[in-house]
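One structure is given here, and the rest of the page talks about it.
The values are calculated or read from the model by the stated rules, or taken from the named source; none is laboratory data. From a predicted model like this one, the values you see are computed outputs, not experimental measurements. Heads up, the Cβs are rebuilt from the backbone with ideal geometry, glycines too, and the neighbour counts pull from every protein chain shown.
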Amino acid sequence: MTAKSSHVLIVLAAFLTGLAIFLGVFLYATGQFGGGGVAGPSAIGGPFNLVDQNGKRITEADLQGKPTLVFFGYTHCPDVCPATLFDVSEVLRSLGKDGDRAGALFVTVDPDRDTAPVLKDYLSSFDPRLRAATGDQKSIDAVEKAYRVYAKKVPTDKTDYTMDHTALVYLMDKQGRFVAPFSLKRRPEEAAADLRKYF
């Protein structure tokens, strides 16, 4: 085997490994991983009891009445979280006067640092219709389990850490039921047109 063909095999193996990991995370998050049965969309979502950025109680009932985009992240996130919230803001902006007919909820996976005041300050950089949620660790663990979210604290040194977490955007319908992962990898106008189907 030549050096060139060895390199091609290594690159191919790395690609396939990455693809397998991505599919595993996706299937786990959408309730289709393992178990031998059909988990389906209903396996995602459920009761939760948190507080929003204004200190107001927020539960799964607040997701009913309008389609809602739900994203899990944290304020110290250097790239994925702010980029996602910016894209969600652009979708809401693209809805124009219909923007109030859709909801968007950012749930922290880092409640130790992301208190309500921290979330309120963080959201000031995005669309004002965005809502955030936090709570004690037990409450956050419960909502992560309900949405099949993976989140893990990763120490970076003795005093600091980052968070490894699922980065899907969940589309919930007007009844608060999971529909599908919502793609933001398209023009905001296209994403907004897709969201309008669930009004």
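What the table shows:
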read-out	value
Filter result (in a loop (DSSP other than H, G, I, E, B) and closer than 18 Å to residue 48 by Cα) within segment 173-191	173, 174, 175, 176, 177
Residue identified as touching a Ser or Thr at 6+ places or on another chain (Cβ under 6 Å) and modelled with pLDDT of 95 or more among 54, 49	49
Selected residue (criterion: farthest from residue 76 (Cα to Cα)) from residues of segment 165-198 that are buried (at least 18 other Cβ atoms within 10 Å of the Cβ) and hydroxyl-bearing (Ser, Thr, Tyr)	170
Filtered residue count, segment 59-106, keeping only those that are among the hydroxyl-bearing types (Ser, Thr, Tyr) and either touching a His at 6+ places or on another chain (Cβ under 7 Å) or closer than 15 Å to residue 195 by Cα (or both)	3
Unmet requirement for residue 107, which otherwise passes all of (1) over 15 Å from residue 69 (Cα atoms); (2) buried (at least 20 other Cβ atoms within 10 Å of the Cβ)	(1)
Subset tally (residues that are under 22 Å from residue 197 (Cβ atoms) and surrounded by fewer than 20 Cβ atoms within 10 Å (Cβ to Cβ)) for segment 110-130	2
Unique residue being assigned by TED's automatic domain parsing to the domain that holds residue 55 and either free of Cβ contacts under 8 Å to residues at least 40 places away in the same chain or touching a Cys at 6+ places or on another chain (Cβ under 6 Å) (or both) when the list is 180, 191, 104, 146	104
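Every residue, every condition in (1) among the aliphatic types (A, V, I, L, M); (2) touching a Ser or Thr at 6+ places or on another chain (Cβ under 9 Å); (3) not in a loop (DSSP other than H, G, I, E, B), yes or no:
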residue	(1), (2), (3)
119	yes, yes, yes
129	no, yes, no
133	yes, yes, yes
142	yes, no, yes
145	no, no, yes
149	yes, yes, no
157	no, no, no
171	yes, yes, yes
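One line per residue, one yes/no per condition, for (1) loosely packed, with under 11 Cβ neighbours inside 10 Å; (2) at pLDDT 95 or above; (3) assigned to a strand (DSSP E or B); (4) among the acidic types (Asp, Glu):
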residue: 10; (1), (2), (3), (4): yes, no, no, no
residue: 13; (1), (2), (3), (4): yes, no, no, no
residue: 19; (1), (2), (3), (4): yes, no, no, no
residue: 25; (1), (2), (3), (4): no, no, no, no
residue: 39; (1), (2), (3), (4): no, no, no, no
residue: 66; (1), (2), (3), (4): no, yes, no, no
residue: 75; (1), (2), (3), (4): no, yes, no, no
residue: 92; (1), (2), (3), (4): no, yes, no, no
residue: 97; (1), (2), (3), (4): yes, no, no, no
